[in-house]
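These notes concern the structure reproduced below.
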Amino acid sequence: MASVPLGIRKGRRAVSAQEKRVWFRTGFGPLLQSKAMSTPEANMRQIGRRMLSTKAEQFTESVIREMTRLALKHGAVNLSQGFPDFAAPNEVKEAARQAIADDINQYAITWGAKPLRDAIVEKFARTQGVTVDPERELTICCGSTEAMMASMMAIINPGDEIVVFEPFYENYGPDAILSGATPRFVKLAPPDWTFDERELAAAFGPHTKAIILNTPNNPTGKVFTRAELEFIRDLCVRWNCYCITDEIYEHILYDGTEHITMARIDGMRDRTIVINGMSKTYSVTGWRVGWAIAPEDVTQSIRKVHDFLTVGAAAPLQQAGALALKLPSSYYESLATTYAKKRARLLSILEGSGFTVYKPRGAYYIMTDISRFHWDEAKYPAESRDVSFAKYLVEKIGVACVPGSSFYNDPQDGASQVRFTFCKKEETLAAAEARFAHLHV
Ligand code: PLP
């Protein structure tokens, strides 16, 4: 089985009073002190107090990425991690090759190469009708992962709370811990993943700094409606807080659903941080190009954090990104049509194999319920049923999925769910179908 056990919770272990004391005593204090007591023995005693960061100890490595390693180990069909196994668009790859040949090989401006910033601004205005200043309101980062982390570090202070819908994309847990925010979770309920307005309103308060939104949503496929966004807007205005909106799946939509950015909702332009990137729209998850669009003062803060975290994203890939963002609307239509076919295919495979499926309206994942299945749970021991099922599925059946508990604060809330992705070739989906033939309800 895995070297790191599946199912160890991320960001959920309570920090004891003792640990808290240690945490608040760290910083430069102990280092300065150890210099004063300069014997090696005294230094070792100081160092021995805490060798690892309390923050880093509060979460494990990503369960999703761990599932990909398990898929490789067991030769399983990988329907866990959301990366396409088909080719990226030729013209985008050619632009990257050309950029390297043209010697765009040194650091770009730390907050992003001008051609890419201009292309992002032009596209955001064209598709969402929101005007952004490329000089003052935009930061290119190493993927939307860094854009999210840099944004949180740019606005969070000790004592700040963030509101997070759950199930949530697993990065938001460690993002909260590393930036120092306390998360307040609000449930999205299947099958439509609606939220209770009273529960959401109760999660906001004087300490709320931001709400984290992800639309279209991973893992549920929910696409927030205008009415829902307006309800969230009213809470943001009432409690004077930001909305950080992860819109990385903006072009992967089904059934005529429309993506509306929170930045477009009346009254939210100056309270919204839009996180986006190239990974999903252009099938280049390995390029690590993403961005944060934010009001000028927030952007100044994001740019400083970003500069010292990473300096900048890969210069030739930013250059190629400028071309990608200028692709015609037919590119995005064809992307959505391709994924609609894959969604239909995987929905039918999963339903045919006994899963209860929740049909997504956007993004490229299907959340399922596994309550109907029986397997030898004693052979696949785990802290929750979904993790046991995921182990059984990858080891015995030969298909990798993501255990539902990795998307919840309390693992038990996701214990009857697992997530599959369909950003895969037809052959990959067909191979999964063949293996599911050995799965019995
Ligand atoms: N945000 C969401 C909601 C995701 O699902 C993912 C990847 O699966 C990311 C961000 C990561 O994006 P990037 O590759 O730009 O860092």
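The values are calculated or read from the model by the stated rules, or taken from the named source; none is laboratory data. Since the structure is predicted, the reported quantities are computational estimates derived from the model, not experimental observations. Neighbour counts run over all protein chains shown; Cβ positions are idealised from the backbone, glycine included.
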- Task: Please find, within segment 227-260, the residue that is nearest to the chain's Cα centre (by Cα) out of those that are among the β-branched types (Val, Ile, Thr) and surrounded by 22 or more Cβ atoms within 10 Å (Cβ to Cβ).
- Result: Ile248
- Query: Quick one: is His251 in contact with a helix residue (DSSP H, G or I) (Cβ under 6 Å, 6 or more places away or on another chain), in a loop (DSSP other than H, G, I, E, B) and within 16 Å of the ligand (Cβ to nearest atom)?
  - Reply: yes
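Name the residue that is nearest to the ligand (Cβ to nearest atom), counting only residues in segment 284-304 that are part of a helix (DSSP H, G or I) and of a type in the set (S, T, N, Q). Let's see the steps before the verdict.
Going through segment 284-304, the residues part of a helix (DSSP H, G or I) turn out to be 296-304.
Filter once more, keeping what is of a type in the set (S, T, N, Q): 299-301.
Numbers: Thr299: 18, Gln300: 22, Ser301: 20 Å.
Ranking the candidates gives Thr299 first.
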- Task: Quickly run through segment 128-139 and pick out the residues that are surrounded by 24 or more Cβ atoms within 10 Å (Cβ to Cβ) and either within 14 Å of the ligand (Cβ to nearest atom) or of a type in the set (Lys, Arg) (or both).
- Result: Thr139
- Message: With the structure loaded, tell me whether Asp266 is part of a loop (DSSP other than H, G, I, E, B) and away from the ligand (no atom under 11 Å from the Cβ) or whether it fails that test.
- Response: yes
- Message: Under 6 Å between Cβ atoms, which residue pairs at least 6 apart in sequence (or on different chains) link something in segment 96-111 that is loosely packed, with under 11 Cβ neighbours inside 10 Å with a partner that is assigned to a loop (DSSP other than H, G, I, E, B)?
- Response: Tyr107/Gly312
- Item | Set Ala154, Ala150: member being touching a strand residue (DSSP E or B) at 6+ places or on another chain (Cβ under 8 Å) and either surrounded by 15 or more Cβ atoms within 10 Å (Cβ to Cβ) or among the basic types (Lys, Arg) (or both) | Ala150
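Pick out the one residue from Ala108, Ala125, Ala95 that is away from the ligand (no atom under 16 Å from the Cβ), under 18 Å from Met262 (Cβ atoms) and modelled with pLDDT of 95 or more. Before you say what the answer is, go through the steps one by one.
Numbers: Ala108 fails: under 18 Å from Met262 (Cβ atoms); Ala95 fails: under 18 Å from Met262 (Cβ atoms).
That would be Ala125, the only listed residue that is away from the ligand (no atom under 16 Å from the Cβ), under 18 Å from Met262 (Cβ atoms) and modelled with pLDDT of 95 or more.
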- Item | Close pairs (9 angstrom Cβ cut-off, 6 or more residues apart or separate chains): touching a residue at least 24 places away in the same chain (Cβ under 8 Å) and of a type in the set (D, E, K, R) in segment 143-159, part of a helix (DSSP H, G or I) and within 16 Å of the ligand (Cβ to nearest atom) anywhere | Glu146/His306; Glu146/Leu309; Glu146/Thr310
- Only one of (1) within 16 Å of the ligand (Cβ to nearest atom); (2) farther than 25 Å from Ala336 by Cβ; (3) in contact with a strand residue (DSSP E or B) (Cβ under 8 Å, 6 or more places away or on another chain) fails for Ala314. Which number is that? (3)
- Within segment 214-243, which residues are within 11 Å of the ligand (Cβ to nearest atom) and in contact with a helix residue (DSSP H, G or I) (Cβ under 6 Å, 6 or more places away or on another chain)? Pro219
- Message: Among the residues of segment 140-167, what is the count of those that are more than 9 Å from the ligand (Cβ to nearest atom), outside any helix (DSSP H, G or I) and among the hydrophobic types (A, V, I, L, M, F, W, C)?
- Response: 6
